[in-house]
Amino acid sequence: MRVHVVTMFPGWFDGPLGTSIGARAIEDGVVEVVIHDLREHGVGRHRQLDDAPFGGGPGMVMMVEPLSRALTPLAHTHRVLFTPSGRPMDQSTLDRWSAMAEVTLVCGRYEGVDQRVIDHLIDEEVSLGDYVLAGGEVAAAAAIEGVTRLLPGVVGNPESVRHESFRDGLLEEPVYTRPAVFGDWAVPEVLLSGDHARIEDWRREQRLKRTRDRRPDLLGDGTG
Ligand code: ADE
């Protein structure tokens, strides 16, 4: 899979791409990440990228020309713009992208992007959540990490990808490891019982309890 990132801050990605799961996947050739420096497509001597909004108002707007130059050669890819005005990114978004050969992640900055870019050069607008960041870089890094770990061969045990939170629409149950007792903190007895049917019942109950408590919206059955 190839992921293009269009950003005003190419150096920002050195950290996220240089460590952990991302670095290994890149090294192994499972995913290729191509960073495109938007500044190279800036307008005029100052390589301008943004300008004041028509109609007045605060803030600056990312201009059509630099984004058009950056995105026209990427027209064959699925182009995503990160913006707080987008649809929220969730596991199904990442599943969908992970099945694509080539995706372009565009990091918006400032107060917005000229709507003509969105109308003609963007396939999908996506938000990381209901809060405002300075730009789309954090969202793009989150997307790259979430998509990469779905690709075959990246996560050691494919079961851990298949059986995780959000797959069955529930949060994960609590987990424990040795020692069975630490001071007066003991692991729930059922987990030490060796009774696999009881353990499965307990885990399902815990997933439901947690989801009801923290994310009733995920149950969507009106009990929340
Ligand atoms: N840019 C600024 N805020 C954002 C958000 N919440 N999601 C995606 N991109 C953003």
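Within region 125-136, residues that are in the same structural domain as GLY86 (by TED's automatic domain parsing) and touching a residue at least 40 places away in the same chain (Cβ under 8 Å) have Cβ atoms under 7 Å from residues that are in a loop (DSSP other than H, G, I, E, B) and more than 6 Å from the ligand (Cβ to nearest atom) in these pairs: VAL126/MET89; SER127/MET89; LEU128/MET89, counting only partners at least 6 apart in sequence or on another chain. Looking across region 175-193, the residues that are in a loop (DSSP other than H, G, I, E, B) and either open to solvent by less than 50 Å² (accessible area, probe 1.4 Å) or within 21 Å of GLU164 (Cβ to Cβ) (or both) come down to VAL175, TYR176, THR177, ALA180, VAL187, PRO188, SER193. Within region 10-21, does at least one residue satisfy the condition of being surrounded by 14 or more Cβ atoms within 10 Å (Cβ to Cβ), in the same structural domain as LEU81 (by TED's automatic domain parsing) and more than 17 Å from the chain's Cα centre (by Cα)? The answer is yes; a qualifying residue exists.
The values are calculated or read from the model by the stated rules, or taken from the named source; none is laboratory data. Note that this is a predicted model, so its numbers are computed, not measured. Glycine gets a Cβ as well: all are built from the backbone with ideal geometry, and neighbour counts include every protein chain shown. The area values use the complete protein model at the heavy-atom level, side chains included, leaving out ligands, DNA and RNA. Shrake-Rupley method; radii C 1.70, N 1.55, O 1.52, S 1.80 Å.
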